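Contents: one structure, followed by commentary.
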């Protein structure tokens, strides 16, 4: 009788590990994890510098997400994750055609306003279907805001970064004006709430609703669209090499415009979902860009613009955002979440470099042992 | 007369910060570095500079304090530029993503710090740093009131910077090398220019100017800092391409946009528009968008803008 060959098995394991290690997917995941870790370290440092005494507790509350609030906290984390996932998908979608859609805050804000307007003012629509009409309104409003930079890019070849940013500020001040014109008070609340689809039984006392289901479905649909459809392929060609796309007969202008339309629509949908989910959040007159829109850009960049990656990073951001609502009583501002996400975003830009360094140092150590 | 006075003063207040930040952007973009973190540099400069002014308010002469604060905020902008250069030049990453990350980071950091430090949602300046009158010059009949009273020292700084920039770009070694790096990085490298070094220097200059502009914006245009500089860093990018990356062009286009930006402030002092003030605030952004879209096909940008220098390895 022969024993199994240990040497052969270790060799096989070593080669499988090498295969995983050298695969691009592994590197991408490693890069994202490295960026997230760097962001958390900086967050802890900032907490320590502001109030050293409560830093450990505050950090624990942030990273455990909704745990402090029990089932309601967990449900609310899902509720906050939905808009971030959708704005992230919006950025990822535009990135597929090679455009960096920084217009998400404006699209998000305009979508939010349209949803609130339909929810509060269009009382002639029956309440049972008004949420769907409101979301459709948000979808179209966001799409309009994405369409304008898209058309300008396709027809006039303007820089989409600048036009989208200008559209953001037009949206900020435009919505400030519209709030004054359409509503009597400066803060707007919707009269309707999205259906919870049984999620409020799963997470008792929370406002988890259909929004997170829509977000997950969107992520899956976009993943399939990118992988399996002709349009996804055409988008990829246009993004990778514009000249080639022209030469092989792809209608590049149409691809660009449709992509920006859908990209804007996703952000607008996110805005509608957040403000209709009944968290007590109100749309107020403001002069800064929408938080969820900016965080969506960060989420997309950390996930390296992969739809499924954006889904997970968005869920994670929802969790830490819910966690940050519990640190106000410890004397910290919940704006720390913005700093964390943007620091992660910054490190994600060169985390592949860090990943390579880590992998290389591991390899050289092994060689040293031999 | 008073109406013209108000318009000229407010236009100067709003266009000088826009001009300084656009000039900062010009230094970076002429060297081929697409600096989109201007907004973030402005916010960092504004945060640091405003805090400096509030802390040292009663300890110094007003004008001296203001000048020192402008330098300090410039250094703060430079710090952000250093991080940008680290990611985009040292590690050869793409230039858009780290820039956007720095914009977000400085915005949220300002919000966090303001939340922690002050009761309101903004830092208020209690003092007015304008020079009320200059001996002799203010007494000149019409021009005295128009140009030499109630002005800020930064207007003068802006004009000096314009002259310095024109001379520097056309006549100095750094300026010419900068243009070479922006137009054709490979050719510049083969002529023995260290492209990365030139670009780093340019980004640092750009950060200094943008940081300065942040504080100038707070002092002359808004009088309080609430974690936002109203998108001037992004407007500057548009101003830059409307001005064709030339100091004089940038000066003219930022003056025009500055007048549009000043409309709400003019309306406060000499009302001419009865509707919502927010409609007036949309105008500069909308006008920039339209002009930008109409003139886009004619714009010729530096050829190597946003590209890394390819190495032979």
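Note on region A:13-30: residues that are in a helix (DSSP H, G or I) and over 16 Å from residue A:308 (Cα atoms) amount to 10. When region B:4-27 is filtered for residues that are farther than 16 Å from residue B:232 by Cβ and at pLDDT 90 or above, only B:27 remains.
Mind checking whether some residue in region A:195-212 is at pLDDT below 85, within 14 Å of chain B (Cβ to nearest Cβ) and either in contact with a helix residue (DSSP H, G or I) (Cβ under 7 Å, 6 or more places away or on another chain) or under 28 Å from residue A:315 (Cβ atoms) (or both)? Checked against the condition, which is being at pLDDT below 85, within 14 Å of chain B (Cβ to nearest Cβ) and either in contact with a helix residue (DSSP H, G or I) (Cβ under 7 Å, 6 or more places away or on another chain) or under 28 Å from residue A:315 (Cβ atoms) (or both), region A:195-212 yields no hits at all. Please work out if residue A:239 is closer than 24 Å to residue A:89 by Cβ, out of contact with any strand residue (DSSP E or B) (no Cβ under 8 Å at 6 or more places or on another chain), at pLDDT 85 or above and away from chain B (no Cβ under 14 Å). So residue A:239 fails the test. Restricting attention to region A:301-337 and to residues that are under 13 Å from the mean Cα position of the chain (by Cα) and within 12 Å of another protein chain (Cβ to nearest Cβ), the residue that is modelled with the lowest pLDDT turns out to be A:304.
For region B:216-229, filtering for residues that are in contact (Cβ under 8 Å) with a residue 40 or more places away in the chain and part of a helix (DSSP H, G or I) leaves 6. Can you find a residue in region A:135-155 that is within 13 Å of another protein chain (Cβ to nearest Cβ) and free of Cβ contacts under 8 Å to residues at least 12 places away in the same chain? Yes: region A:135-155 contains one or more residues that are within 13 Å of another protein chain (Cβ to nearest Cβ) and free of Cβ contacts under 8 Å to residues at least 12 places away in the same chain.
Run residue B:51 past the list (1) more than 13 Å from chain A (Cβ to nearest Cβ); (2) out of contact with any strand residue (DSSP E or B) (no Cβ under 8 Å at 6 or more places or on another chain); (3) assigned to a helix (DSSP H, G or I) and report the number of the one that doesn't hold. It is condition (2) that residue B:51 fails. Of the residues screened, residue B:224 is one that is within 14 Å of another protein chain (Cβ to nearest Cβ) and touching a strand residue (DSSP E or B) at 6+ places or on another chain (Cβ under 8 Å).
Among the candidates B:210, B:188, the residue that is over 26 Å from the mean Cα position of the chain (by Cα) and crowded, with 17+ Cβ neighbours inside 10 Å is uniquely B:188. Screening residue B:279 with (1) within 13 Å of another protein chain (Cβ to nearest Cβ); (2) over 29 Å from residue B:167 (Cα atoms); (3) under 16 Å from the mean Cα position of the chain (by Cα) gives one miss only, at (3).
Hey, among B:97, B:65, B:86, B:117, which residue is within 13 Å of another protein chain (Cβ to nearest Cβ) and crowded, with 18+ Cβ neighbours inside 10 Å? Talk me through it step by step, then tell me what you get.
Details: B:65 fails: within 13 Å of another protein chain (Cβ to nearest Cβ); B:86 fails: crowded, with 18+ Cβ neighbours inside 10 Å; B:117 fails: crowded, with 18+ Cβ neighbours inside 10 Å.
That would be B:97, the only listed residue that is within 13 Å of another protein chain (Cβ to nearest Cβ) and crowded, with 18+ Cβ neighbours inside 10 Å.
Quick check, is residue B:104 in a helix (DSSP H, G or I), surrounded by 15 or more Cβ atoms within 10 Å (Cβ to Cβ), within 14 Å of chain A (Cβ to nearest Cβ) and touching a helix residue (DSSP H, G or I) at 6+ places or on another chain (Cβ under 9 Å)?
Spelling it out, residue B:104 is indeed in a helix (DSSP H, G or I), surrounded by 15 or more Cβ atoms within 10 Å (Cβ to Cβ), within 14 Å of chain A (Cβ to nearest Cβ) and touching a helix residue (DSSP H, G or I) at 6+ places or on another chain (Cβ under 9 Å).
Could you please let me know if residue B:212 is in contact with a helix residue (DSSP H, G or I) (Cβ under 9 Å, 6 or more places away or on another chain), more than 14 Å from chain A (Cβ to nearest Cβ) and more than 13 Å from residue B:16 (Cβ to Cβ)? In short, no.
To keep it simple, each residue is scored yes or no on (1) touching a strand residue (DSSP E or B) at 6+ places or on another chain (Cβ under 7 Å); (2) under 25 Å from residue A:94 (Cβ atoms); (3) without any contact (Cβ under 8 Å) to a residue 40 or more places away in the chain; (4) in a helix (DSSP H, G or I).
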| position | (1), (2), (3), (4) |
| --- | --- |
| A:172 | no, yes, no, yes |
| A:179 | yes, no, no, yes |
| A:192 | no, no, no, no |
| A:211 | no, yes, no, yes |
| A:234 | no, yes, yes, yes |
| A:267 | no, yes, no, yes |
| A:270 | no, yes, no, yes |
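All of (1) within 14 Å of chain B (Cβ to nearest Cβ); (2) in contact with a strand residue (DSSP E or B) (Cβ under 9 Å, 6 or more places away or on another chain); (3) buried (at least 23 other Cβ atoms within 10 Å of the Cβ) hold for residue A:285 with one exception: (3).
The criterion of being within 13 Å of another protein chain (Cβ to nearest Cβ) and modelled with pLDDT of 85 or more holds for residue B:112.
Selection of region A:288-300 for residues being at the interface with another protein chain (Cβ under 7 Å from one of its Cβ atoms) and within 12 Å of residue A:171 (Cα to Cα) yields only A:288.
Taking the conditions (1) away from chain B (no Cβ under 14 Å); (2) under 28 Å from residue A:157 (Cβ atoms); (3) part of a helix (DSSP H, G or I) in turn, residue A:216 satisfies each one other than (2).
On inspection, residue A:163 fails the criterion of being surrounded by 23 or more Cβ atoms within 10 Å (Cβ to Cβ), more than 18 Å from residue A:86 (Cα to Cα) and over 25 Å from the mean Cα position of the chain (by Cα). With respect to residue B:228, determine if the residue is under 15 Å from residue B:43 (Cβ atoms) and surrounded by fewer than 23 Cβ atoms within 10 Å (Cβ to Cβ). The answer is yes for residue B:228. Per the conditions (1) more than 9 Å from every other protein chain (Cβ to nearest Cβ); (2) at pLDDT 75 or above, the sole criterion not satisfied by residue B:284 is (1).
Suppose we filter region A:219-232 for residues that are part of a helix (DSSP H, G or I) and more than 20 Å from residue A:267 (Cβ to Cβ); how many remain?
Step one: of region A:219-232, the residues part of a helix (DSSP H, G or I) are A:219-228, A:230-232.
Subsequent filtering for residues that are more than 20 Å from residue A:267 (Cβ to Cβ) retains A:224, A:227-228, A:230.
Number of matching residues: 4.
Could you tell me whether region A:37-59 includes any residue that is modelled with pLDDT of 85 or more and more than 30 Å from residue B:118 (Cα to Cα)? Yes, region A:37-59 has at least one match.
Of the residues making up region B:148-168, not one is assigned to a helix (DSSP H, G or I) and at pLDDT below 75.
Do we find that residue B:132 is more than 23 Å from residue B:24 (Cβ to Cβ), surrounded by fewer than 17 Cβ atoms within 10 Å (Cβ to Cβ), facing chain A (nearest Cβ under 10 Å) and modelled with pLDDT under 90 in this structure? In short, no.
Yes or no, residue by residue, for (1) in a helix (DSSP H, G or I); (2) closer than 23 Å to residue A:312 by Cα; (3) free of Cβ contacts under 8 Å to residues at least 12 places away in the same chain:
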position: A:57; (1), (2), (3): yes, no, no
position: A:61; (1), (2), (3): yes, yes, no
position: A:81; (1), (2), (3): yes, yes, no
position: A:84; (1), (2), (3): yes, yes, no
position: A:99; (1), (2), (3): no, yes, no
position: A:113; (1), (2), (3): yes, no, no
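The values are calculated or read from the model by the stated rules, or taken from the named source; none is laboratory data. Just so we're clear, the structure is a prediction, and the values are computed from it rather than from any experiment. Backbone-built Cβ (ideal geometry, glycine too); neighbour counts: all protein chains shown.
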